[in-house]
Amino acid sequence: MMTRIAMTCTVTFLLLLAGSVYAAGNVERGADLSSDCISCHGMEGKGNFETPAIAGLDEEYILDRLRNFCKGGKTIDGMMNTYTEDRTDQELQDLAAFWASKEKG
């Protein structure tokens, strides 16, 4: 009985680990996808008086915000939904990884 529980826990852990590795964002792909972001947030993601800095923020925070925008979440001008609504979740992860990898603005 105990062996079966241990085996189930081990398999579950490995599946969770594999899922999180697969779900990680790719910085290079994020860079390729960032042209829409750059038009408002700037080449380095440091923002300006109208748009916030996004460079160097926590990757999970960025991803959470992008997913929220994708679902129609509230933004000041509603523009972020336009830029995210057609993105796959992997693309959002890639963008989050890219901007998190930049020097904080």
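The values are calculated or read from the model by the stated rules, or taken from the named source; none is laboratory data. Computed from a prediction, not measured in an experiment: that's the story for all the values here. For neighbour counting, all protein chains shown are included, and Cβ atoms are generated from backbone atoms with ideal geometry for every residue, glycine included.
Miscellaneous remarks
- Residues (touching a residue at least 24 places away in the same chain (Cβ under 8 Å) and either more than 14 Å from residue 103 (Cβ to Cβ) or of a type in the set (Asp, Glu) (or both)) located in region 33-45: 33, 34, 36, 37, 40, 44
- Of all residues making up region 85-102, the number that are within 14 Å of residue 31 (Cβ to Cβ) and surrounded by fewer than 17 Cβ atoms within 10 Å (Cβ to Cβ): 1
- Looking across region 46-84 at every residue that is of a type in the set (Lys, Arg) and surrounded by 12 or more Cβ atoms within 10 Å (Cβ to Cβ), the one that is farthest from residue 101 (Cα to Cα) is identified as 67.
- Any hit, region 54-74, residues being β-branched (Val, Ile, Thr) and either farther than 16 Å from residue 30 by Cα or modelled with pLDDT under 90 (or both): no
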